[in-house]
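So the structure is just underneath, and the comments pick up after that.
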Amino acid sequence: MATEADSQPKLESWPAYQYSPVAPDEIRLVTLLPGAFDDEIHVNIHHRQRPRPTDVETVRATIDHVRDGLIDGWSANETLGGRVLFLGGSLERQWQHPVTGEEMYTSHVRNVGTKYKALSYTWGEDPDEECVAVETGAGIKTLSIRENLAIALRHVRRAGVPRDLWIDALCIDQSNSAERGQQVQHMHHIFQLADQVIIWLGVAADDSAHAISTLRYLAAQVEVAVPDYRSFPAPDCVEPTWYHPSVPLPYDERTVDSIAALLLRPWFDRLWVVQEVKLANVRSVMLCGSDEILVPDFVVATGALEERDSMPDGWKMRTSYVNTNITPLRHCPFIRELARINFQDCNDLRDKVYGTLGIAPLSIRDMIKPNYEVSVEQVYHDASVAITRCTNRADVLMHCRPANRRHGLPSWVVDWSDTNFTYMTYVQQAAGMSRSRAEFSEWPLCTMVVHAMRCGVVGIVGGTATRDSAKAPATLRQWHNACADAALQSGTGFDLDMFVKTMAFGVLQDRLPGHGYSTLADARELMNELVALDPEVAMPPDLTKASPTPFRRPFRVFPIEGMRMFRTACGLVGLMDGSPKACDILCVVLGCPTPVIIRANDLPSASYEVVGPCYVAGLMDADALLGDLSKDWTFICEKTNGSRSGMQYHNLPTGFVTDEDPRLPPLPLPWVRLDRPLTSADPYNVSWYLNTETREEINGDPRLEPDALRARGMELERITLV
């Protein structure tokens, strides 16, 4: 006998849902209707006013307000979880205010307009689809969704309570490219102002419940203060030593394997999810099957694992990768985030840019409007121009790898889809605190005109170092001998220290104290040992990866894998990830932290192609613009703003420390230097100055403007890049 259920038509037989146009100031929301786990999925779709920053109210106290009320001997620190941790003398740690006894939470915004939760998930590779019933005034309509989303909705659905959700696959008409572009502009506020972001990692599998439980317990032992990300034992912890990276964690093979499997889930490799989790508030959760963990706890736990010396190298790399992508927004330059995120997967290459706009500063978001009807080439061009104009820097040249570029891009436009890693440290200032003053043209050629100073012509080019770290010593030997022979023949003398600094990319304790790097003396000693080795004899055990002393490991001290060495006719030695040739030109471009290799092209006009950025000891500290630093002074790179580092100058005889470059003349009137907090809108090398007469503010040193440098005799050129 047929039942009532049998007589009901199947969802597939209902007509397809047709989206009505969404206004520019609207978003769609999905109301997920109540049901049991295995029931069909029923929803309503409705339009709501899109969330705006003006629709929020600030709750709780600011950290500065909390600090104002403290007594001597106590400090207040904001934690990743939004609580205030009070630290007193004798290692006292507590959640209670030492005066009022009140537990406090730092300032957060609460949306008082449209209320909803945002779902972050991966669309999945499985083409299988399931129909969703959309209940409308005209009856039931259907929409098809991927299986992964259907499973996620069944896990977040409640038996008796409807839930208002924002879900990209249902709230954006995916067949309408114009609407997609319009709605992508709002992603920043959609996720930032959601009551909660629910991150769906997938169904329970591979002992994921044990992994989640382990990470929750680890996070309960550690508190992390922002913005400098210092770790402390949690006041109510059971394991007071677990916060320190030198303390091994008692994890057996089952635990390590379960966490590793969790971190390898596809969600962590998708591009769009990075902005979704970075914008999520402290109430947001990660859901794996029925097990969940707060996002701040997941960040704390993976951060603790990343720093753990006792964990396997490959495992640590994955943990670091995951932790970097889920850590809340910091104040590092947007271009750095953009370059780092391009390792994430996406289906549309335009999303390498559009998928990061949610974490872009407002000045850049205003210049890049998502448009899925233009080419990938145009999107990448527009992003490079926007970043250069907004920051007044040529930082984009640090990310140009024309040898690998696709899409027919000009050599100065970054290929944001290029996932080949280029090792280039950001603690360099080859052009000091100068602005780029770059100019752009699209006719008759797509050009970028920069101010640059020629520093040499490439003479010798070495072979490419393989990515097999075991072969690095042989490559270093060959490069060393080639440079030493060339110096002998030219009579210029071979500067071993400069060669060592270049091979180490300047990442040495002398320049970057407090990070455990090798000293220049250690690196020099290691280089001499490598050069003296018989090429036919295997490396001694203390020079291999198994060495317990980091500065004894060549691949750690000299990370040259994939690089090529070059030497100029005047004896400068450089490294780059590219294809330099003899007669290429080494130059320093105003506003670019690293030197750049350029090459004259065959066009009738005098123009050049970018070969790529490079590291050249002797040019990395504005030496080309300001000359060598006096022997009485030395550079030290110190952390200055949470995620940023800045150069300081130490006077060796007196011990005096300043961030003012002693090679510069006094700041001319009417300019004064400003002390202002930096944001992601600022480039990496930046200081702000005010003209007290015109009230103009600029983000570069007026003494390093092109006219000022030329007035001091610097031979700056206007160079056209194509």
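The values are calculated or read from the model by the stated rules, or taken from the named source; none is laboratory data. All of these numbers come straight from a predicted model, not from anything done at the bench. Ideal geometry is used to build each Cβ from the backbone, glycine not excepted, and the neighbour counts take in all protein chains shown. Side chains included, ligands, DNA and RNA excluded: accessible areas come from the protein's heavy atoms. Shrake-Rupley method; radii C 1.70, N 1.55, O 1.52, S 1.80 Å.
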Practice task
Work out the charge dipole of the chain with +1 on the Cβ of Lys and Arg and -1 on the Cβ of Asp and Glu about the Cα centre, then indicate which of 349, 113, 214 is farthest towards its positive end.
Solution key: 349
Practice task
Please give, to one decimal in nm, the separation of the simple spin-label points placed at residue 49 and residue 196, each 7 Å out from Cα toward the Cβ.
Solution key: 2.5 nm
Practice task
Give the label of the value calculated from the structure for mean projected area of the Cα convex hull in nm², choosing from [x] 39.0; [y] 33.6; [z] 108.7.
Solution key: [x]
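By how many nm would the segment from residue 156 to residue 695 grow when fully extended, if each residue of separation counts as 0.36 nm and the alpha-carbon distance is taken off?
188.7 nm
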Exercise for the section: Determine ³J(HN,Hα), in whole Hz, for all residues of region 699-711 in sequence, where each value follows from phi through the Karplus function 6.51 cos²θ - 1.76 cosθ + 1.60 and θ = phi - 60°; x replaces Gly and Pro. Expected result: 9, x, 6, x, 6, 10, 5, x, 5, 5, 5, 5, 5
Practice task
Pick out, from 689, 606, 586, the residue whose Cα sits farthest towards the positive end of the charge dipole of region 577-693, with +1 on the Cβ of Lys and Arg and -1 on the Cβ of Asp and Glu.
Solution key: 689
Problem - Extended-chain gain in nm, criterion 0.36 nm per residue less alpha-carbon gap, residue 362 and residue 71 - result: 100.9 nm
Exercise for the section: Report, in debye and to the nearest 20, how large the dipole of the chain comes out about its Cα centre when Lys and Arg carry +1 and Asp and Glu carry -1 on their Cβ. Expected result: 1140 debye
Exercise for the section: Go through 319, 296, 280 and say which Cα lies farthest out towards the positive end of the charge dipole of region 208-326; charges sit on Cβ, +1 for Lys and Arg, -1 for Asp and Glu. Expected result: 280
Handout entry: Percent accessible area from carbon and sulfur atoms, region 208-326, protein chains only, probe 1.4 Å
Key = 56 percent
Exercise for the section: Compute, for residue 126, the solvent-accessible surface of its heavy atoms (probe 1.4 Å) with the complete set of protein chains present, and express it in square angstrom to the nearest 10. Expected result: 70 Å²
Fill in the blank from the handout: For residue 652 and residue 485, extending 7 Å from Cα along the Cα-Cβ vector and measuring point to point gives, in nm, a value of 3.4 nm
Problem - Charge tally in the Cβ shell below 13 Å around residue 284, where Lys, Arg are +1 and Asp, Glu are -1, residue 284 excluded - result: -1
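Please give the length that would be gained between residue 634 and residue 261 if that part of the chain were fully extended, namely 0.36 nm times their separation in residues minus their C-alpha to C-alpha distance (nm, one decimal). Intermediate values should be presented prior to the final figure.
Values: separation 373, 0.36 × 373 = 134.28 nm, distance 4.66 nm.
Extra length from residue 634 to residue 261 when fully extended: 129.6 nm.
So with the 1.4 Å probe, I'd like the accessible area per residue for region 208-326, rounded to whole Å². Write down the numbers at each step before the final one.
Numbers: 4490 Å² over 119 residues.
Value for region 208-326: 38 Å² per residue.
Distance cut-off 31 Å, Cα to Cα: go down the list 115/316; 316/501; 471/501; 316/471; 352/501 and report the pairs above it. Walk me through the intermediate numbers first.
Working: 115/316 39 Å; 316/501 27 Å; 471/501 20 Å; 316/471 23 Å; 352/501 34 Å.
Cα-Cα > 31 Å for 115/316; 352/501; rest within.
Determine the calculated [θ] at 222 nm for the chain from helices alone, applying -39500 (n - 2.57) to every DSSP H run no shorter than 4 residues and normalising by the residue count; nearest 500 deg cm²/dmol. Mind showing how you got there, number by number?
Working: 21 runs with 182 residues, N = 722.
For the chain, the value works out to -7000 deg cm²/dmol.
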Fill in the blank from the handout: Phi angles of region 223-228, converted by Karplus (6.51 cos²θ - 1.76 cosθ + 1.60, θ = phi - 60°) into ³J(HN,Hα) in whole Hz with x for Gly and Pro, give 10, 10, 8, 10, x, 8
Practice task
Give me the angle, in degrees from 0 to 90, between the Cα long axis of helix 472-490 and the longest principal axis of the Cα atoms of the chain, rounded to the nearest 10.
Solution key: 30 degrees
Fill in the blank from the handout: Tilt, helix 313-326 to longest principal axis of the chain (alpha-carbon atoms), in degrees rounded to tens, equals 70 degrees
Fill in the blank from the handout: If amide H atoms are modeled at 1.01 Å from N in the peptide plane, then the residues at a separation of 5 or more from residue 349, or on another chain, having amide H under 5 Å from its own are none
Handout entry: For region 341-382: accessible area per residue (Å², 1.4 Å)
Key = 39 Å²
Problem - Nonlocal amide H pairs with residue 244, under 5 Å, H built at 1.01 Å - result: none
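Please give the charge dipole size of region 208-326, origin at the Cα centre, charges +1 on K and R Cβ atoms and -1 on D and E Cβ atoms. Round to the nearest 20 debye.
Working: 10 positive and 16 negative charges, 63 e Å.
Roughly 300 debye, rounded to the nearest 20.
Over region 59-109, what percent of the accessible surface lies on carbon and sulfur atoms, probe 1.4 Å?
Details: 1280 of 2790 Å².
Roughly 46 percent of what the probe reaches on region 59-109 is carbon or sulfur.
With the Cα gyration tensor of region 208-326 giving a ≥ b ≥ c as the square roots of its eigenvalues, does the rule (a/c under 1.5 for rounded; else a/b larger than b/c for prolate; else oblate) give rounded, prolate or oblate?
Numbers: a/c = 1.40, a/b = 1.17, b/c = 1.20.
Because its axes are fairly even, with a/c under 1.5, region 208-326 counts as rounded.
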Problem - Residue order for 570, 483, 446 - accessible surface, 1.4 angstrom probe, largest first - result: 570, 446, 483
Practice task
Calculate one ³J(HN,Hα) per residue across region 374-386 by plugging θ = phi - 60° into the Karplus curve 6.51 cos²θ - 1.76 cosθ + 1.60, and present them in order as whole Hz with x for glycine and proline.
Solution key: 9, 6, 4, 4, 5, 4, 5, 4, 4, 5, 5, 5, 4
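Among DSSP beta bridges lying fully in the chain, give the percent that are antiparallel, nearest 5. Please report the intermediate quantities before stating the final value.
Values: 86 of 102 bridges.
Approximately 85 percent, going by the DSSP bridge assignments.
Per residue, how much accessible surface does region 81-153 expose to a 1.4 Å probe? Answer in Å², no decimals. Present the calculation step by step, with values, prior to reporting the outcome.
On the way: 3430 Å² over 73 residues.
Counting only protein heavy atoms, the per-residue value for region 81-153 is 47 Å².
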Exercise for the section: Give me the angle, in degrees from 0 to 90, between the Cα long axis of helix 520-532 and the longest principal axis of the Cα atoms of the chain, rounded to the nearest 10. Expected result: 70 degrees
